[in-house]
Amino acid sequence: QVQLVESGGGLVQAGGSLRLSCVGSAMTFSSYTMGWFRQAPGKEREFVATIRWSGGYTYYGDSVKGRFTISRDNAENTVYLQMNSLKPEDTAVYYCAAALLSISTSAPQYKYWGQGTQVTVSS
């Protein structure tokens with residue numbers, strides 16, 4: 001069964017940086033578009049970033065453009081999210097997900113999900 005495992009979350013001060021990782025197993029990783037989403041308590045799940053299977057196309061949510069960067073290493077079955085200039089409103093559980101699509105910002109189109117990693121930004 002396909003499994004995605006996130007890591008790299010933690011507590012950081014506003015203006016700081018974190019790098020999240022997500023490792024896939026039991027899957028042909030290079031065949032999947034990968035995405036990052038986040039969800040805070042009582043809030044809707046929010047699109048953060050996505051990257052095509054080839055890595056040639058990326059797309060970001062408006063709230064993170066210019067601050068976050070998504071990348072992937074298919075040889076290591078890993079997708080990354082580099083988060084810079086963090087703000088308290090970035091506090092959430094961050095999830096990675098996989099879809100057999102060329103590109104997508106829609107959560108229902110992602111087939112596989114990790115269990116999430118907590119990111120907390122203090123002011």
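The values are calculated or read from the model by the stated rules, or taken from the named source; none is laboratory data. All values derive from a computational prediction rather than experimental measurement. Here the Cβ is made from the backbone with ideal geometry for all residues, glycine too, and neighbour counts use every protein chain on show. Surface accessibility is based on the protein's heavy atoms, side chains included, excluding ligands, DNA and RNA. Shrake-Rupley method; radii C 1.70, N 1.55, O 1.52, S 1.80 Å.
Values as computed for the structure displayed
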{"quantity": "Test for G24: is it open to solvent by less than 50 Å² (accessible area, probe 1.4 Å) and in a loop (DSSP other than H, G, I, E, B)", "calculated": "no"}
{"quantity": "Subset tally (residues that are open to solvent by less than 60 Å² (accessible area, probe 1.4 Å) and farther than 19 Å from G116 by Cα) for region 1-15", "calculated": "2"}
{"quantity": "Verdict on G15 being part of a loop (DSSP other than H, G, I, E, B) and modelled with pLDDT under 95", "calculated": "no"}
{"quantity": "Residue identified as among the aromatic types (F, W, Y), modelled with pLDDT under 95, open to solvent by 70 Å² or more (accessible area, probe 1.4 Å) and under 24 Å from Q1 (Cα atoms) among W53, W113", "calculated": "W53"}
{"quantity": "Test: M34 is open to solvent by less than 40 Å² (accessible area, probe 1.4 Å), out of contact with any Gly (no Cβ under 9 Å at 6 or more places or on another chain) and not charged (D, E, K, R)", "calculated": "no"}
{"quantity": "Test for L18: is it open to solvent by less than 10 Å² (accessible area, probe 1.4 Å) and closer than 15 Å to Q118 by Cα", "calculated": "no"}
{"quantity": "Some residue of region 69-90 being part of a strand (DSSP E or B), surrounded by fewer than 21 Cβ atoms within 10 Å (Cβ to Cβ), free of Cβ contacts under 8 Å to residues at least 24 places away in the same chain and more than 11 Å from the chain's Cα centre (by Cα)", "calculated": "yes"}
{"quantity": "Single unsatisfied condition, S54 versus (1) closer than 17 Å to R19 by Cα; (2) without any contact (Cβ under 8 Å) to a residue 40 or more places away in the chain", "calculated": "(1)"}
{"quantity": "Region 8-29 residues that are among the polar types (S, T, N, Q), paired with ones that are open to solvent by 30 Å² or more (accessible area, probe 1.4 Å) (beta carbon under 7 Å, 6 or more apart)", "calculated": "Q13/S122; S17/N84; S21/S7; S21/G8; S21/Y80; S25/Q3; S25/N77"}
